[in-house]
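Undergrad: Below: one structure in structure tokens.
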Amino acid sequence: MKPEILMLRGLLPRQTAQLDERYAGHRLDLAEDREAMLREVAGRVTSILTSGELTCDAALMDRLPKLELVACFGVGVDGVDLDYCKARGIAVSNTPDVLTDDVADLAMGLTIATMRRIVAADRFVRAGAWQNGPLPLSTRLAGKTMGILGLGRIGKAIARRAEAHGMSIVWHGRSAQSDVAWHRYPDLEEMAGAVDLLMVACPGGPATRGLVNRAVLGAMKPKSFLVNISRGSVIDEPAMVEALVEGRIAGAGLDVFADEPNVPAPLNDLETVVLTPHIGSATEETRDAMAQLVVDNLDAHYAGRPLLTPWRFA
């Protein structure tokens, strides 16, 4: 009998073929009657396949008495009730490392596009406005200070890219890192007031929800910028929209939002904002590597081997 997996999302065709060969997958996201599917398979399911932004809560897992593993497609696991998994002894895996470069590239792309007004410049040319005079001046990167919230794998990769553009790096995180030379601000609000660009690169989840709050946004300088490639939940979104609409910060590059795919309407009308649809890891190469790592973790688990990328519970 093939191990049975409750799938809250699908994978790419190559990895789907591997799953079909080795496992019995039940696509809850495609079920016409989700409740009926759960009633039918709950007693047999031993793994869940999900993404970090999807809800995998205690109420769902409590219905699966044989659950052994939650395999996440993505580095984030903020949609998973980790406390429940730890208490019940359910293993969790994610897909770190393979997406670091792509997310860091997008972070720098949003930084350049926002500070140099590249998207606004594109619209300016296409609208024929250049015939009436030059585009207003933008802001240079070199010589500016980037403050990174969250100096994990992705934060460090962003820092290296920013330094290559002549930017100075400071950061804020829960704990000091002895192998990091960049200055650490123990207080996020103090860092926000000292930098030219605040880069949000920390994990999502309850511990960071609303971390970039009204006070942090209020501490930012009027000529400073905000970029978020983390999770929309990390920022107080209404407070951020107010700050951008009122011009209290210079602009923002946003890949993530609090209620995806819904984006606050006022952002659509702002020339100072660059918006992308949560595409940090969205390249063919990286999504293939992420999907393969999900399958490889499942294979390792059912073969009795250690997970390749287990989530380390606190």
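Undergrad: Can you tell which of VAL98, VAL80, VAL103, VAL75 is farther than 22 Å from ALA300 by Cβ and within 17 Å of the chain's Cα centre (by Cα)?
TA: VAL103
Undergrad: Of everything in the range 95-151, what is without any contact (Cβ under 8 Å) to a residue 40 or more places away in the chain, in a loop (DSSP other than H, G, I, E, B) and not hydroxyl-bearing (Ser, Thr, Tyr)? Give them in sequence order.
TA: Across the range 95-151, the qualifying residues are ARG116, ALA127, GLY128, GLY133, PRO134, LEU135, PRO136, LEU137, ARG140, LEU141, ALA142, GLY143.
Undergrad: Being over 18 Å from the mean Cα position of the chain (by Cα), outside any loop (DSSP other than H, G, I, E, B) and either over 24 Å from ASP101 (Cα atoms) or of a type in the set (Gly, Ala, Ser) (or both) is the filter here; which residues of the range 239-285 pass it?
TA: Within the range 239-285, ALA239, VAL241, GLU242, ALA243, LEU244, VAL245, GLY251, ALA265, PRO266, LEU267, ASN268, ASP269 qualify.
Undergrad: If you scan the range 9-27, which residues turn out to be in a helix (DSSP H, G or I), surrounded by 19 or more Cβ atoms within 10 Å (Cβ to Cβ) and under 24 Å from the mean Cα position of the chain (by Cα)?
TA: Passing the criteria: only GLN15.
Undergrad: Among residues belonging to the range 55-75 that are in contact with a strand residue (DSSP E or B) (Cβ under 9 Å, 6 or more places away or on another chain) and within 23 Å of ILE229 (Cα to Cα), point out the one that is surrounded by the most Cβ atoms within 10 Å (Cβ to Cβ).
TA: CYS72
Undergrad: What number of residues within the range 29-39 are of a type outside the set (A, V, I, L, M) and touching a residue at least 12 places away in the same chain (Cβ under 8 Å)?
TA: Final tally of qualifying residues: 1.
Undergrad: If you don't mind, there's one more thing I want to ask. Go through the range 180-208 and report how many residues are assigned to a loop (DSSP other than H, G, I, E, B), surrounded by 15 or more Cβ atoms within 10 Å (Cβ to Cβ) and without any contact (Cβ under 8 Å) to a residue 60 or more places away in the chain.
TA: Adding up the residues that qualify gives 6.
None of the figures in this text is laboratory data; all of them are computed from the coordinates on show. The structure presented is a predicted model; accordingly, all values stated were derived computationally and were not measured. Backbone-built Cβ (ideal geometry, glycine too); neighbour counts: all protein chains shown.
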